[in-house]
Amino acid sequence: MRIPGLKAALCCLPSLLILPTVAAQSVDATTGLRKEEGWETVRATCTECHSAQLITQNSGSRAVWQSRITWMQDTQGLRQLDPEEEDVILTYLSAQYGPRRSARRASLAAHLLPTNPYPVAE
């Protein structure tokens, strides 16, 4: 009996077994930060005050991360960063923990919504 696609699937199996190892090697075991250019600067600077988990559970554009740094400087005592250091941090954060696509489902079409049982103010 011949199963279509079985040979192709079996050929891919070794590469699938390697993927988790490759992905695990690109994350620092201690902090959970992705080991990409600038990660050591982020680890050294940001984890002076807070856990790296605060970074890894968040996301945002460069402007969003800049606003968070400014907030930490204005309210949490973060020192003024050297411009080159700040650029490395912002580049890393916006590339590795950039904006995420919304996890929310699309809104229902109006004709699928139930009728509102409450009076509506006009």
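Each row is one residue, and each column tells you yes or no for (1) touching an Asp or Glu at 6+ places or on another chain (Cβ under 8 Å); (2) modelled with pLDDT of 95 or more; (3) charged (D, E, K, R).
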residue: 64; (1), (2), (3): no, yes, no
residue: 69; (1), (2), (3): yes, yes, no
residue: 74; (1), (2), (3): no, yes, yes
residue: 81; (1), (2), (3): no, yes, no
residue: 86; (1), (2), (3): no, yes, yes
residue: 93; (1), (2), (3): no, yes, no
residue: 96; (1), (2), (3): yes, yes, no
residue: 101; (1), (2), (3): no, no, yes
residue: 104; (1), (2), (3): no, no, yes
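Only one of the numbered conditions (1) small (Gly, Ala, Ser); (2) within 13 Å of the chain's Cα centre (by Cα); (3) not in a helix (DSSP H, G or I) is not met by residue 51, and that is (2). For region 43-95, what are the residues that are basic (Lys, Arg) and closer than 24 Å to residue 27 by Cα? The answer is 43, 62, 68. Of all the residues in region 78-104, those that are among the hydroxyl-bearing types (Ser, Thr, Tyr) and out of contact with any helix residue (DSSP H, G or I) (no Cβ under 8 Å at 6 or more places or on another chain) number 1. The C-beta contact set for region 27-53 (first residue among the acidic types (Asp, Glu), second residue at pLDDT 95 or above and not in a loop (DSSP other than H, G, I, E, B), distance under 6 angstrom, 6+ apart or interchain) comprises 36/96. In region 100-122, the residues that are in contact (Cβ under 8 Å) with a residue 24 or more places away in the chain form Cβ pairs under 7 Å with partners that are surrounded by 10 or more Cβ atoms within 10 Å (Cβ to Cβ), at six or more places apart or across chains, as follows: 100/59.
Among the residues of region 96-108, is there at least one that is outside any loop (DSSP other than H, G, I, E, B) and surrounded by 10 or more Cβ atoms within 10 Å (Cβ to Cβ)? Yes, region 96-108 contains at least one residue that is outside any loop (DSSP other than H, G, I, E, B) and surrounded by 10 or more Cβ atoms within 10 Å (Cβ to Cβ).
The values are calculated or read from the model by the stated rules, or taken from the named source; none is laboratory data. Keep in mind that this is a model prediction, so the values were computed, not measured. Every residue, glycine as well, gets a Cβ built from its backbone with ideal geometry; the counts of neighbours run over all protein chains shown.
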